[in-house]
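Everything on this sheet refers to the single structure shown next.
The values are calculated or read from the model by the stated rules, or taken from the named source; none is laboratory data. Note that this is a predicted model, so its numbers are computed, not measured. Here Cβ is always computed from backbone atoms with ideal geometry, including for glycine, and neighbour counts include all displayed protein chains. Surface areas here come from the heavy atoms of the whole protein model, side chains and all, with no ligands, DNA or RNA. Shrake-Rupley method; radii C 1.70, N 1.55, O 1.52, S 1.80 Å.
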Amino acid sequence: MTIRSVIAACGAYLPSRRLTNADLEKMVETSDEWIVQRTGIRERRIAADGESTGDMAIAAARQAMERAGLKGADIDGIIVATTTPDQSFPSVAIKVQQALATKIGPVFDVQAACSGFIYALAVADNFIRAGQGKCFLVIGAEKMSSILDWDDRGTAILFGDGAGAVILQAEEGKGTVADSGVLSTHLCANGNLKDILYTSGGTSTTQDSGVIIMDGKEVFRYAVQYMADIVSDVLAFNKIDAGQIDWLVPHQANIRIIEGAARKLNLGMDRVVVTVERHGNTSAASIPLALEEAVSAGKIKKGDLLLMEALGAGLTWGAALVRF
Ligand code: UT7
C-alpha cells in the first residue's frame, strides 16, 4: 500500500482588469504583432490597487475548498508558492489560514519563482506521504505587476497577476502509475544561473522588492534545454513513454517554449493546456490557473495522466507526473 496525494479540487482567481497588447503599445515601444509572434501573449490580468497576492490566494483557495465540500477544520496545512508576498512576514499562507479558519498545522510560503507551484506541490506531497497530514491546500499566487519595470519592454509585456489552488488529499494507492494522485515530483536548481533572471532589490539589500531584470534570450535557451531534460527524467523514472501522457500542463511563459516541450513529447497542441495568450506569465500561479481552467472546461477528466513542468529564476525548474 502506498499513500498518494490526490487532487480533490481546483480553484482559481483572476483580477478583472485586462491589460491588452494595444494598451502596452501606448506605454512602451512595442507592438501587438511582436508580442504575439515572440511570446503568444495577447492580454494579461492586473490586480486592482490595494488587491494583494494574499487576497487572490484566499479567493482561489476558497473556491477549491467549496468545490471539494471542505471546511477550514478539514485542512491540515497550507503551502503558498509566491515570489510577490504581501509582506516579508507573516507569509501569504498565514493570511489564507486566518481567512479560511483552517487548522493549526504547517502553514508557510515557498519561493522558487516561476517553478514555485511544482516545488510547493512536491513539499505537500512529501508531507502527505510521510503521514504528516491528510489534506493540504497548495496555492500559487502572484502579483507580478508589483515588481515590473513598466518602462522595460523586455519584461513589462510578459507578466500578469492571479492565483490558483489545489487541494491534495491522502488516498491509498497500489504504488503503480495506474494510481490516482501525484506519482512523482522532480525538483532542480542551478545557482550558477542566478544572474540571468533576478530582481534589482530585496528586503536585506535595498529594503524594497526591486523590479525584474531578465536576459530573456539566455533564459529561453535554458528553458528549452532543461524542460526537455526533465521530461525525459519523468518518463524514465516512471517507466512510461510519452504516448501515455494525456495532458501537458506547462508553466505559461512563452508559447514557443511550450511548443518545444510538446514537440519533445510528440504531443499535439490539442493535448497541451495553453493559457498564456490570456494570462501572460503569472509565475507560480500559472500551472494551477491552467489546470483549473482545463478541468472546469471538462478537458481534463478524472483518470487523465498529467505532466506539469516549469522553469524560473534561480534557475529553478521542476516537473510532476499526476494522475488526476
Ligand atoms: O517564467 C520565467 C522564465 N521566463 C521565460 O521563460 C522567458 C524566456 N524568454 C523569452 O520568452 C524571450 O526571450 C522573450 C519573449 C523575453 C524575448 O524574445 P526574443 O525572441 O528572445 O527576443 P530578444 O530579447 O532577442 O529581442 C529581439 C529584438 C531586440 O531588438 P534588436 O536588438 O534585435 O534590435 C529587442 O530589443 O526584439 C526587441 N524587443 C522588442 N521589440 C518589441 C525586445 N522586447 C521587445 C518588445 N517589443 N516588447
Sites matching trypsin sites (Lys or Arg not before Pro) across the stretch 94-198 that sit in DSSP coil, with at most 13 neighbouring C-beta atoms within 10 Å: Lys174
How large is ³J(HN,Hα) for each residue in the stretch 203-213, as worked out from phi by the Karplus curve 6.51 cos²θ - 1.76 cosθ + 1.60 (θ = phi - 60°), to whole Hz, x for Gly and Pro? 4, 8, 10, 9, 6, 9, 6, x, 10, 6, 10
Can you give me the span-like helices of the chain, meaning DSSP H runs with 20 Å or more of Cα extent along the axis and Kyte-Doolittle mean at or above -0.5? 53-68, 216-238
Pairwise centroid distance, computed over Cα atoms, of the stretch 222-240 with the stretch 251-300, Å: 17
Output ³J(HN,Hα) for the stretch 239-247: one whole-Hz value per residue in order, computed from phi by the Karplus curve 6.51 cos²θ - 1.76 cosθ + 1.60 with θ = phi - 60°, and x for Gly and Pro. 6, 10, 10, 4, x, 7, 6, 7, 9
Lys and Arg at +1, Asp and Glu at -1: neighbours of Gln244 with Cβ under 14 Å from its Cβ sum to -1
Nitroxide proxy distance, nm - points 7 Å out along Cα→Cβ at Ala101 and Ser232: 5.3
Need the list of lysines near Lys143 for cross-linking: C-alpha distance under 27 angstrom, and skip anything on the same chain fewer than eight residues off. Lys26, Lys71, Lys95, Lys103, Lys194, Lys217
The stretch 23-140 - Rg over Rh from alpha carbon coordinates, Kirkwood radius: 1.08
Full-stretch length increase - Asn126, Arg263 - with 0.36 nm per residue and alpha-carbon distance subtracted: 46.2 nm
Nearest-5 percent of antiparallel DSSP beta bridges in the stretch 2-173? 75
How large is the accessible surface per residue of the chain, computed with a 1.4 Å probe and reported in Å² as a whole number? 42
Computed over the chain, the distribution of all Cα-Cα distances in 20 Å bins, rounded to whole %, is 35, 59, 6
Under-5 Å amide H pairs with Ile300, H placed in peptide plane, nonlocal only: Val295
Charges at C-beta only: +1 for Lys and Arg, -1 for Asp and Glu. How large is the resulting dipole of the stretch 181-323 about its Cα centre, in Debye rounded to 20? 280
Among Gly191, Gly280, Gly72, residue whose mean-square fluctuation peaks in a GNM of the chain (springs only between Cα atoms under 10 Å): Gly191
Could the peptides 305-313, 46-54 be put in order, highest first, of the mean number of other beta-carbon atoms found within 10 Å of their residues? 305-313, 46-54
Could you tally the net charge around Leu137, taking each other residue with its Cβ under 14 Å from the Cβ of Leu137, Lys/Arg +1 and Asp/Glu -1? 0
Cα-projected label distance for Met27 with Thr203, points at 7 Å along beta-carbon direction, nm: 2.7
Just from its helices, what would the mean residue ellipticity at 222 nm be for the chain, if runs of 4 or more DSSP H residues each count -39500 (n - 2.57) and the sum is divided by every residue, rounded to the nearest 500 deg cm²/dmol? -9500 deg cm²/dmol
Using a 1.4 Å probe on the protein heavy atoms only, what accessible surface does Asp151 show? Give it in Å² to the nearest 10. 130
Taking the Cβ of Asn126 as the center, what net charge do the other residues with Cβ under 15 Å away carry, scoring Lys and Arg +1 and Asp and Glu -1? +1
